[in-house]
Amino acid sequence: MELPKFLLGDNTDYPDSIFIVHTEYPRFIINLENDEVEWLEEFSKEDEEELANETENLIEAATAFYDREVSRYQE
């Protein structure tokens, strides 16, 4: 089974938070309430520098995924 690239997460302990889980490398969880990112990978210094450019694109993709999912629920 192949996992989707993004998963929508919810937790009643954080009622105002909206979590998106990115399941591909680099794996992370973003809280869309405050754009806080929790990386699920260990990075070398070189990786960190390379990912700095990609991070913004990944956050935009996670936000677009959320917007798409919400619009589908509303239909």
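The values are calculated or read from the model by the stated rules, or taken from the named source; none is laboratory data. Note that the coordinates shown come from a computational prediction; the quantities given were computed from them, not determined experimentally. Backbone-built Cβ (ideal geometry, glycine too); neighbour counts: all protein chains shown. Heads up: the accessible areas ignore ligands, DNA and RNA and are worked out on the full protein's heavy atoms, side chains in. Shrake-Rupley method; radii C 1.70, N 1.55, O 1.52, S 1.80 Å.
Observations
- Using θ = phi - 60° and Karplus 6.51 cos²θ - 1.76 cosθ + 1.60, couplings along the stretch 63-69 (whole Hz; Gly, Pro as x): 5, 5, 4, 4, 4, 5, 4
- Of all accessible heavy-atom area on the chain, the percent that carbon and sulfur account for (1.4 Å): 46 percent
- In a reduced charge model with +1 at each Lys and Arg Cβ and -1 at each Asp and Glu Cβ, the chain shows a dipole moment near 400 debye about its Cα centre.
- Projecting the Cα positions of PRO4, TRP39, ASN57 onto the charge dipole of the stretch 1-69 (unit charges on Cβ atoms of Lys, Arg, Asp and Glu, taken about the Cα centre) puts PRO4 furthest along the positive direction.
- Relative contact order of the chain, defined on C-alpha pairs under 8 angstrom at six or more residues apart (%): 21 percent
- Counting only Cα atoms, the chain measures 43, 27, 25 Å along its principal axes, largest extent leading.
- Rolling a 1.4 Å probe over the heavy atoms of the protein chains gives the chain an accessible area of 76 Å² per residue.
- 222 nm mean residue ellipticity, helices alone, for the chain (DSSP H n ≥ 4; -39,500 (n - 2.57); rounded to 500): -14500 deg cm²/dmol
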